[in-house]
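Just below is one structure, and these are the notes that go with it.
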Amino acid sequence: MRSRILAFDFGEKRIGVAVSDALNITAQSVGTIERKGIKNDIKKIQGLVREYKAVKLIVGLPLNMNGTEGKSANLAIDFADELKKEIDINVEMIDERLTTAQGERMFLEADLSRKKRKKNIN
């Protein structure tokens, strides 16, 4: 198995998890982690890193549309900082403001129906 990238959508109650394909081109959801404290969250993520032989972790940064950091962004930054301390691989943050719109455009270009687009984006 080739090395992969794990991506996280951090929330106060759960963390969405996606993993890249073997070529690190696309990502697929692999579920969520129910939040039970940062130590437990890190332990589960360490298990995923081993399982997928991850070489990089990406955390979504939910900035406000004007580019400022709100409460959610600050929580995601704190989460990424904890990952950096506890897991010895590269951790990056990605601005997630327009990722849904980019996904919509990609599916429109692929001529997927609205129902199929909604299923794949959410």
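The values are calculated or read from the model by the stated rules, or taken from the named source; none is laboratory data. Just so you know, these numbers come straight off a predicted model, no measurement behind them. Methodologically, a virtual Cβ is constructed for each residue, glycine included, from the backbone with ideal geometry; neighbour enumeration extends over all protein chains shown.
Could you list, ordered by first residue, the pairs with Cβ atoms under 6 Å in which the first is in segment 19-35 and of a type outside the set (S, T, N, Q) and the second is modelled with pLDDT under 90 and outside any strand (DSSP E or B), at least 6 apart or interchain?
Ala22/Arg2
Condition test on Ser29, is it closer than 20 Å to Val19 by Cα and either at pLDDT below 95 or not charged (D, E, K, R) (or both)?
Against the criterion (closer than 20 Å to Val19 by Cα and either at pLDDT below 95 or not charged (D, E, K, R) (or both)), Ser29 qualifies.
Restricting attention to segment 32-75, and to residues there that are within 18 Å of Lys13 (Cβ to Cβ) and hydroxyl-bearing (Ser, Thr, Tyr), which single residue is modelled with the highest pLDDT?
It comes out as Thr32.
Scanning segment 57-74 for residues that are of a type outside the set (A, V, I, L, M) and crowded, with 16+ Cβ neighbours inside 10 Å, which turns out farthest from Arg4 (Cα to Cα)?
This residue is Ser72.
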